[in-house]
1. Work out how much length residue 95 to residue 32 would gain on full extension: take 0.36 nm times their residue separation and subtract the Cα-Cα distance, in nm to one decimal.
2. As an exercise, use a Förster radius of 25 Å and the Cβ-Cβ distance of residue 127 and residue 58 to find the FRET efficiency, rounded to the nearest 0.05.
3. If the chain between residue 84 and residue 117 were fully stretched, how many nm would it gain, using 0.36 nm times the residue separation less the Cα-Cα distance?
4. DSSP loop (so not H, G, I, E, B), at most 14 other Cβ within 10 Å: list which GluC sites (Glu not before Pro) in segment 61-124 pass both filters.
Amino acid sequence: MKSISSWLIVALLTFPACEDEHNNGSCPSDVDFGDPYVFSSGWCGTPPFVPAVTLQENILNMGVSYTGGCEEHDFFLKNCSTNSTVYLWLMHDSNGDACEAIIWDYFQFTLADEIMDMDRIVVLDTNCEDSVIVKDNQG
């Protein structure tokens, strides 16, 4: 089981192009989230409420939950861009973990200047309906 609950990862400096141009926070069609996970603000009833995804200056904070407990899980911050919007998402590799304990993890990613310079930053949710716009300088 993972003993580190917070990682600092510098986002990639290159922007692969998204296959589709979306400006409303929905998912481009070429996004691969890997194994299942959901954004989670922590254990139920734990005050104070902390949003699952936040951007503080250039630090992206993400709380996620997933099933597992028998293998080390890997998460990678991925991105693509269209025009002045960058889409960010987590790629989850469970490494074949079939255990069913509910795991909660918290990640911090330092975003590169190239990402922060974009007008809009959208963090994509795995169901593509609850994506979070963490920065929006578009008129």
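Readers should treat all values here as calculations from the given coordinates under stated rules, not as data from a laboratory. Worth saying up front: this structure is predicted, and the values here are computed from it rather than measured. FYI the Cβ positions are ideal-geometry reconstructions off the backbone, even for glycines, and counts take in every protein chain you see.
1. Length difference between fully extended and current span is 21.1 nm.
2. Approximately 0.40, to the nearest 0.05.
3. Values: separation 33, 0.36 × 33 = 11.88 nm, distance 0.88 nm.
Gain in length upon complete extension: 11.0 nm.
4. Within segment 61-124, the qualifying GluC sites (Glu not before Pro) (loop, at most 14 other Cβ atoms within 10 Å) are 72, 100.
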